[in-house]
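Taking it in order: structure first as structure tokens, then the write-up.
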Amino acid sequence: MPTINLNKWILQDLTRLNEQELVDYLFRLKSEVSPVNQDEYSIEVNADRLDMLSLGGIVRALKGITGRELGEPKYTVRDTDYVLEVERVPSRPYALACIVYNVKLNPDLYLKELIQFQEKLHDTIGRRRKKVAIGIHDLQKVEGKVIRYAPVPLSTTFVPLYQEKEMSVKDVLQETPQGKQYGNISVWDNYSPAIMDEKGILSVPPVINSDRTRITENTRSLLIDVTGTNFDSVVETMDLLVTGLAELGGIIGRIKVKGMNVETSPVLRHTLVPFSLEDVNRRLGINVSKDEAVTLIRRMRMEVETGDGLAVVVPPYRVDIMNYTDVAEDIAMAYGYDRFTLESRRGMVTGSLSEKSEIYRKLRTLLIGAGFQEIYTLVLTKSDYQRGEVVRIANPISVEYDSVRNSLLWNSLLFLSNNQHSRFPVKIFEIGEVVRRDESKDTNYANATRLAVAIMDSKVSYEILQSPLHQVLLNLLGIAPSYRRVDNDILMRGRSAEIILRDERVGVIGEANPEILRSFNLLYPVLLAELDLDALRRVI
Amino acid sequence: MLSENELKILDFLRKRKESTSQEIGEATGLPPSSVFSIIATLESKGIVKVISEETRRVARLTEEGKLRAEQGLPEDRLVSTLNGKPAKIQELKSVLGKDFEIGFGWARRKGLIIVENDTVIPKVSSHVSPEYIALKDLQAGKEIEREMLDSLVKRKLVEVKEEKVLKVQLVKDVEVRPAELYLTHEMLTTGSWKNYEFKPYNVEADPPFFPIGKTHYFRDFIEKVKDLMVGLGFVEVSGEFVETEFFNFDMLFQPQDHPAREIHDSFVIEGRGKLPDGDLVKKVKEIHEKWWRYSWSEDNARRLVLRSQTTAVTARVLSGAPRAIRAFTIGKVFRPDSIDATHLIEFHQMDGLVVEENFTFRDLLSTLRDIFQGLGVKQVKFKPGYFPFTEPSVEVYGFIDGLGWVEMAGAGLLRKEVTEPAGVYSPAGAWGIGIDRLAMLFLGVKDIRDLYSLDIEYLRSRRVI
């Protein structure tokens, strides 16, 4: 979940809410407030509410939920004589620009907040600048009224942000930190996209701006460019930015656009989402009247058309509203999740355990009766411990957990190895899932349920494991298992057998061979058995 | 019932009828203090009677006295070593060791030897000192002369002590049966158990270790959750650890370019899986491209991961187009993370799904409250939330004493974008609950790794209540 930091005093001043009220109301808006220090809050915003990644957006939402302002705010929009000319940029085809006057960036807390908003949009809707990137400039430092978005050769030079000398775009991509991180996103055939004014480059999306038009706390008017690989996302990002600034007093300056499928920018897109009150009430399980519903939606800073049917007029900043279910959620939030009357739904139908769980419980009761301690170990393990075909993780975080277990025996041996100084005998069992290759599955892998039983003591003999396990199986199934001598690469030659139930091989039993013991640093003899519970279930 | 030592004394008194504590001690080999205490016990049982009690001076051999009575006095040993012939002092020292000095002194004093330069010349060929005979007499309980006694005391071969002597008499003989340790089948069959005394056990001693079998405490918690869900009318279902991204993400309306789908957020398994037949894949592709505005890749959907959420199981259930169902699953999910006291790279989730014709958000909140009440969380509150596949969405917070409000679950009504491609047209609610964190709260576990402890003594030490 994205988190933003906001100045406590500015937020309290703009909303006229104290700390507890802020915590409570923001909770109802999916957000969580925690103080960072005496001047700052950290606010966790949910990923769908991109509008709340800014101070302006949070203030707007709070004014609504507290009922102080309803519906969509009327932001001032003024036409300007600036023009954006968009040329063909195959790697990053979409661009918009606009102007915002009367911006407050002083004290620099506001400036920091704007840059934070820009970065949060980059990370969310912008998909780390791949899909959308934003450039913000000081309008006063922009030369001329024509802004161009066009490819430039990598040899083109400009002074990038916070650098002192001219650099070629190529050098910027190779030498600056931003260049290294984002440089290869939109470059093709020795060309890079660029936003330019009469004098030269303003920004090289999605990498870096020019130093010439850098914004400072004294900046009053902004030129904003947004570029990207998806037109709608570019429109939405621009709308989110300018409405956030307008909420804090900015005046939106609309410019003409050439070469895109819109005439002007920002688009300030409104969409209509029709809904029926009945559907909403039925989804939520409440019963609000039409008037109530309209008020609740307006509290969420949206307008409602009440003609033939109801429709939400989704404002430019609510890019998360898709259909009536989203409307239902907003109504529920404004209504208050705490106001829903809860009724117990216990006992309306009967449930059941899975067959796996049923067998698990019966088997473990018998094993406990036979004096074995149940253990529970991790599914991920070290591939070095395992034998046979191992399911490896392609991107492990450590060699200790670089594979999925294909048997429970490795876990049992590891457990015993860890308990050589405990009180003897150590008698353990585990019932759990392992993963095996299985071509019949759509993933080519399948879980298998296994039982592992083990005994470690200063001296052991085959029967001290065989005899209790025999009774466990006999009691579980009413069938006495038989044993067939077989050699196995982890058990001692001549001391291991297959366990057979009704001609089906269901497991192995025997004494661990010294080699495997040593590989687990085990210095005491161990008896082991492993059963395939899926095979066991087939026998029943 | 008499003890072994009581029986010894009783046996002795049977032959003598009357005796002293001193004689009893000598006959039974019991130290005087035991003899006195056993006599007192026997008297309290009315078996013996103490006739008189007096203090006597008793002469007893010291440890050295006992040794001399056995080996002979050092001067006698010196004489017998010489065997009538002169010998060098050095030689004698090496034979007699420490005793040479004592024997040499006494032998000269008694005139048994003379010394010339470094040679000892015997005056007699053999000698038995009267002190030796006196020691033997004392051992045999005979009286010896006063003078002799004094000289033996001086030589520290004998000490004289004042001792309490009890004169006791057997007043009542008891029938004494042989003592046995085990009651046997044989004894019970033949009735011979009546003839035996059974030795008492040391019933108050701490017992030796016994390894009992015990269920694993964390699995008990998981089984409790299953019981709760079954009680609420849910059917248990299960899924696989290796899953296609299609069921882990795509079907849940998580776009392929979403940050949560980046490679470092799930464990990747090499290879590709197969996508389900029918319209489902086509519809998922359409809905993704319409809402998330990108080109949906079938190859990405076929990638294999270790499931990062049990909602993948819910997605599988949905793909079977159930008309109505209440299902739950509880199992492991896997996410790369750094491992510490509160984070592991695998943990359990419990996912639930309700598909019912008239299911509402209010019903979902009610169900969640039922679940948490069943788990023992008395107070819950609901916070609006966001998950790509649900709308409305909710996060459940539970109140835990000492901790306050703790986030416990994410839930919501499934989006039509999720249900309709699968052919589910009734409302559906779903949730996911992190089980490990909840278990830690209820089981008093501070370190998540203890839930999967490899230490058997830790498991043995955990109390069950």
(request) Please identify the pairs in which a residue from region A:513-527 that is more than 17 Å from A:N418 (Cβ to Cβ) has its Cβ atom under 7 Å from the Cβ atom of a residue that is assigned to a loop (DSSP other than H, G, I, E, B) and open to solvent by less than 80 Å² (accessible area, probe 1.4 Å), counting only partners at least 6 apart or on another chain. (result) A:N513/A:I490; A:L527/A:V460
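Considering only residues that are assigned to a loop (DSSP other than H, G, I, E, B) and facing another protein chain (nearest Cβ under 9 Å), which ones fall in region B:263-279? Before you say what the answer is, go through the steps one by one.
Going through region B:263-279, the residues assigned to a loop (DSSP other than H, G, I, E, B) turn out to be B:266-267, B:273-279.
Across region B:263-279, the qualifying residues are B:S266, B:F267, B:G273, B:K274, B:L275, B:P276.
Please go through region B:230-254 and give me each residue that is of a type outside the set (A, V, I, L, M, F, W, C) and more than 9 Å from chain A (Cβ to nearest Cβ), ordered by number. If you could, list the steps in order and put the result at the bottom.
If we filter region B:230-254 for residues that are of a type outside the set (A, V, I, L, M, F, W, C), which is where we start, we get B:231, B:233, B:236, B:238-240, B:243-245, B:248, B:250, B:254.
Those that are of a type outside the set (A, V, I, L, M, F, W, C) and more than 9 Å from chain A (Cβ to nearest Cβ): B:E245, B:N248, B:D250, B:Q254.
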(message) Tell me yes or no: at least one residue of region B:341-353 is of a type in the set (A, V, I, L, M), touching a Ser or Thr at 6+ places or on another chain (Cβ under 8 Å), closer than 27 Å to A:D338 by Cα and away from chain A (no Cβ under 11 Å).
(response) yes
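Checking the condition of a type in the set (A, V, I, L, M), modelled with pLDDT of 95 or more, open to solvent by 20 Å² or more (accessible area, probe 1.4 Å) and farther than 27 Å from B:F389 by Cα, which residue from A:I115, A:I134 passes? Explain how you work it out, then say what you get.
Numbers: A:I134 fails: open to solvent by 20 Å² or more (accessible area, probe 1.4 Å).
From the options A:I115, A:I134, the qualifying one is A:I115.
Can you tell which of A:P107, A:P93 is within 14 Å of chain B (Cβ to nearest Cβ) and either charged (D, E, K, R) or open to solvent by 10 Å² or more (accessible area, probe 1.4 Å) (or both)? So that I can check it myself, show each step before the final result.
Values: A:P107 fails: within 14 Å of chain B (Cβ to nearest Cβ).
Matching residue, one of A:P107, A:P93: A:P93.
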(request) Look through region A:388-400, keep the residues that are under 21 Å from A:L451 (Cα atoms) and part of a loop (DSSP other than H, G, I, E, B), and return whichever of them is farthest from the other protein chains (Cβ to nearest Cβ). (result) A:G388
(request) Enumerate the pairs (first residue in region A:369-387 and more than 7 Å from chain B (Cβ to nearest Cβ); second residue anywhere and open to solvent by 10 Å² or more (accessible area, probe 1.4 Å) and assigned to a loop (DSSP other than H, G, I, E, B)) with beta-carbon separation below 6 Å, excluding pairs fewer than 6 apart on the same chain, so at least 6 apart or on different chains. (result) A:S383/A:V390; A:S383/A:D402
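Helices (runs of 4 or more DSSP H) wholly in region A:454-540 with at least 3 residues that are modelled with pLDDT under 95 and open to solvent by less than 60 Å² (accessible area, probe 1.4 Å) - which ones? Walk me through how you get there before you give the answer.
On the way: elements: A:462-477, A:514-519, A:533-539.
The helices (runs of 4 or more DSSP H) meeting that bar are A:533-539.
Residue under question is B:F12, and the condition is that it be aromatic (F, W, Y), part of a helix (DSSP H, G or I) and free of Cβ contacts under 8 Å to residues at least 60 places away in the same chain; does it hold?
Details: aromatic (F, W, Y): yes; part of a helix (DSSP H, G or I): yes; free of Cβ contacts under 8 Å to residues at least 60 places away in the same chain: yes.
In short, yes.
Return the residues of region A:181-218 that are closer than 11 Å to A:V159 by Cβ, buried (at least 18 other Cβ atoms within 10 Å of the Cβ) and among the small types (G, A, S); say none if nothing qualifies.
Within region A:181-218, the first condition is being closer than 11 Å to A:V159 by Cβ, and the residues that meet it are A:200-201, A:208-214.
From what is left, the residues that are buried (at least 18 other Cβ atoms within 10 Å of the Cβ) are A:201, A:208-210, A:212-213.
Scanning region A:181-218 gives a single hit, A:S210.
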(message) Among the residues of region B:306-326, are any surrounded by 18 or more Cβ atoms within 10 Å (Cβ to Cβ), within 9 Å of another protein chain (Cβ to nearest Cβ) and in contact with a helix residue (DSSP H, G or I) (Cβ under 8 Å, 6 or more places away or on another chain)?
(response) no
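In region A:355-368, which residues are open to solvent by less than 30 Å² (accessible area, probe 1.4 Å), touching an Asp or Glu at 6+ places or on another chain (Cβ under 9 Å) and either basic (K, R) or more than 7 Å from chain B (Cβ to nearest Cβ) (or both)? Walk me through it before giving the result.
Looking only at region A:355-368, we keep the residues that are open to solvent by less than 30 Å² (accessible area, probe 1.4 Å), and these are A:357, A:359-360, A:363-364, A:367.
Then drop every residue that is not touching an Asp or Glu at 6+ places or on another chain (Cβ under 9 Å), which leaves A:357, A:360, A:364, A:367.
Scanning region A:355-368 gives A:Y360, A:R364.
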(message) Checking the condition farther than 30 Å from B:H288 by Cβ, more than 10 Å from chain B (Cβ to nearest Cβ) and under 29 Å from the mean Cα position of the chain (by Cα), which residue from A:Y317, A:Y335 passes?
(response) A:Y335
(message) Can you pull out every residue in region B:59-69 that is assigned to a strand (DSSP E or B) and surrounded by 15 or more Cβ atoms within 10 Å (Cβ to Cβ)?
(response) B:A59, B:L61
(request) Could you check B:K383 against (1) within 7 Å of another protein chain (Cβ to nearest Cβ); (2) open to solvent by 10 Å² or more (accessible area, probe 1.4 Å); (3) part of a strand (DSSP E or B) and say which number it fails? (result) (2)
(message) If I ask for residues that are surrounded by fewer than 21 Cβ atoms within 10 Å (Cβ to Cβ) and in contact (Cβ under 8 Å) with a residue 12 or more places away in the chain, which ones from region B:346-362 would you list?
(response) B:E346, B:F347, B:E356, B:E357, B:N358, B:T360
(message) Can you tell me which condition A:K63 does not meet? The list is (1) surrounded by 22 or more Cβ atoms within 10 Å (Cβ to Cβ); (2) part of a helix (DSSP H, G or I); (3) not small (G, A, S), and all the others hold.
(response) (1)
(request) Could you figure out which of (1) in contact with a Pro (Cβ under 9 Å, 6 or more places away or on another chain); (2) more than 21 Å from A:L29 (Cα to Cα) isn't true of B:F361? (result) (2)
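Give the number of residues within region B:364-377 that are in contact with a Lys or Arg (Cβ under 6 Å, 6 or more places away or on another chain) and surrounded by fewer than 23 Cβ atoms within 10 Å (Cβ to Cβ).
Filtering region B:364-377 for residues in contact with a Lys or Arg (Cβ under 6 Å, 6 or more places away or on another chain) gives B:366-367, B:370.
Filter once more, so that each one left must be surrounded by fewer than 23 Cβ atoms within 10 Å (Cβ to Cβ): B:366, B:370.
Final tally of qualifying residues: 2.
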(request) Select the helices (runs of 4 or more DSSP H) contained entirely in region B:387-465, then report the ones holding at least 2 residues which are within 11 Å of chain A (Cβ to nearest Cβ) and touching a helix residue (DSSP H, G or I) at 6+ places or on another chain (Cβ under 9 Å). (result) B:416-419, B:456-461
(message) When the residues of region A:119-163 are narrowed to those that are of a type in the set (S, T, Y), under 37 Å from the mean Cα position of the chain (by Cα) and more than 14 Å from chain B (Cβ to nearest Cβ), which ends up nearest to A:P93 (Cα to Cα)?
(response) A:Y149
(message) Between a residue in region A:137-159 that is within 21 Å of A:L96 (Cβ to Cβ) and any residue that is open to solvent by less than 30 Å² (accessible area, probe 1.4 Å) and assigned to a helix (DSSP H, G or I), which pairs come within a Cβ distance under 8 Å, given they are 6 or more apart or on different chains?
(response) A:V152/A:V169
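Are any of the residues in region A:401-408 more than 11 Å from every other protein chain (Cβ to nearest Cβ) and among the small types (G, A, S)?
Narrowing region A:401-408 to residues more than 11 Å from every other protein chain (Cβ to nearest Cβ): A:406-408.
Adding the requirement that they be among the small types (G, A, S) leaves A:407.
Yes.
Residue-by-condition table, conditions (1) more than 14 Å from chain A (Cβ to nearest Cβ); (2) open to solvent by less than 80 Å² (accessible area, probe 1.4 Å); (3) among the hydroxyl-bearing types (S, T, Y); (4) assigned to a helix (DSSP H, G or I):
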{"residue": "B:K156", "(1), (2), (3), (4)": "yes, no, no, no"}
{"residue": "B:K161", "(1), (2), (3), (4)": "yes, no, no, no"}
{"residue": "B:P208", "(1), (2), (3), (4)": "no, no, no, no"}
{"residue": "B:K214", "(1), (2), (3), (4)": "no, yes, no, no"}
(message) Residues to consider are B:I269, B:I330, B:I339; find the one that is of a type in the set (A, V, I, L, M, F, W, C) and open to solvent by 40 Å² or more (accessible area, probe 1.4 Å).
(response) B:I339
(request) Among the residues of region B:106-141, write down those that are surrounded by fewer than 18 Cβ atoms within 10 Å (Cβ to Cβ), within 16 Å of B:R155 (Cβ to Cβ) and either hydroxyl-bearing (S, T, Y) or out of contact with any helix residue (DSSP H, G or I) (no Cβ under 8 Å at 6 or more places or on another chain) (or both). (result) B:R108, B:R109, B:I133, B:D137
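The values are calculated or read from the model by the stated rules, or taken from the named source; none is laboratory data. As the structure is a computational prediction, the values presented were derived from the model and not from experiment. Cβ: placed from backbone, ideal geometry, glycine included. Neighbour counts: every protein chain shown. Accessible surface areas use protein heavy atoms only, side chains included; no ligands, DNA or RNA. Shrake-Rupley method; radii C 1.70, N 1.55, O 1.52, S 1.80 Å.
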